[in-house]
Amino acid sequence: MTSALNLFAKAMPIRGNGWVQNLTGDVAQIRSVYRDTESGEVLMDLWMYSHKGDKLGRVSPVEGGPRTFEPAVTYDDYWFRIHPPIFPLKLRRQEDGTYDYQQQRILDGAYLPRPPRVEAAVHTLKNVDEANIATSHRMAAQELRETIRRKLLSGEAKTQIEARIAELERIADATDN
């Protein structure tokens, strides 16, 4: 149960490359999402866009910070998720008779941070004896097997990796003989 709670605590309501809009109609694409280490608030770095679709860069005073994006914006009730907008944005008539650029809201998700990408290491050794070469090929084949198991691969990706495993084992066997 504790691990499920820990995963939920790490879950984010939004993720990078998504789109958000605030209550005043400003539209932005999410550059990155992270939590404040002290308060636990969800913060976003945003690429701000005009209603015509032009990338604006930073719209708040720079004061020595980045100029190409808006840093550390709190994701709260002032911001909400939207579908990727089609620029130029069109004015929409609201129920009260006013017009604004508000887009249709979509629900927050529970996105978990992605685990670090695991690359299978293929050992390349130079100027070593044949026993070490065979061992390195077997180690590479074993790492590929573990990659298949960890990522629960299936289909064409699994078939391609299994073919590479067979090739590495064939090379290792030929080196031993």
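Listed values, structure above:
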item	result
15 Å beta-carbon shell around ASP76, net charge (K/R +1, D/E -1)	-3
Karplus 3J(HN,Hα) series, Hz, for segment 146-160 with 6.51 cos²θ - 1.76 cosθ + 1.60 (x for Gly, Pro)	5, 4, 4, 5, 5, 8, 6, 6, 8, x, 5, 4, 5, 4, 5
Proximal charge balance of LYS158 [Cβ under 14 Å; K/R count +1, D/E count -1]	+2
Spin-label pair ARG164/ARG149, simplified geometry with 7 Å Cα→Cβ offset, distance in nm	1.8 nm
Amide H contacts of LEU56 (H built 1.01 Å from N, under 5 Å, at least 5 apart or other chain)	MET48, TYR49, SER50
Relative packing of 70-82, 146-158, which averages over residues the other C-beta atoms within 10 Å, highest first	70-82, 146-158
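Every number here is computed from the coordinates shown, using simple stated rules; none is lab data. Here the structure is a predicted model, which means the values were calculated and not measured. With ideal geometry, Cβ positions are generated from the backbone for all residues, glycine too; neighbour counts draw on all protein chains shown.
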